[in-house]
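Have a look at the structure below before the remarks.
Readers should treat all values here as calculations from the given coordinates under stated rules, not as data from a laboratory. Note that the structure is predicted; figures quoted are calculated from it, not measured. Methodologically, a virtual Cβ is constructed for each residue, glycine included, from the backbone with ideal geometry; neighbour enumeration extends over all protein chains shown.
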Amino acid sequence: MDGPAAIVGYMGSGKTTVGRILARKLGWEFVDLDLAIARTEGRSIPEIFADSGELCFRDLEHQMLLALVESNAQNRIIACGGGIVVRAENRDLLKNIATVFLEESIDVLYERTRGTDRPLRGAGPEEFERRYRERLPL
């Protein structure tokens, strides 16, 4: 496999865990997109959402993905945030690199993310599932 590769999936699907394991086995660089954004911005993802809103975060997310894909780094695994597929520009970028979708049942995803500090986790299972269903076709 040449070029970078990406892992996508809904929150709690295991993108970071699988990405780290895969990168280690391949001897590749691993980049967690959310962590890269937080480091660059000097604030956490929840802080970015609270201070600047989701639209600002999505802009930062797109810019970081674009920079990582266009950097010509060949041996890199990118664990994308759960909402990366919301923007068509991101889906277009991901079409040009090897991309793996991690799928898990909604019940498992909801349970895995319970009690976490995720801005779009949602107040209840209905909102969580609605967002999942909206993103799944993407």
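For the pair region 1-26 / region 43-73, the C-alpha centres are spaced 18 Å from each other.
Applying a 10 Å radius around every beta-carbon, put 30-37, 6-13, 51-58, 62-69 in order of their mean neighbour count, most first. Please report the intermediate quantities before stating the final value.
Numbers: 30-37: 19.5, 6-13: 22.9, 51-58: 13.9, 62-69: 17.0.
Sorting 30-37, 6-13, 51-58, 62-69 by mean packing, highest first, produces 6-13, 30-37, 62-69, 51-58.
Given a Förster distance of 22 angstrom, what is the FRET efficiency for K95 paired with E29, based on the Cβ-Cβ distance and rounded to 0.05? Intermediate values should be presented prior to the final figure.
Details: r = 22 Å, r/R0 = 0.98.
FRET efficiency, K95 to E29: 0.55.
Calculate, for S52 and R130, the FRET efficiency according to 1/(1 + (r/R0)^6) with r their C-beta to C-beta distance and R0 35 Å; round to the nearest 0.05. The calculated FRET efficiency here is 0.90.
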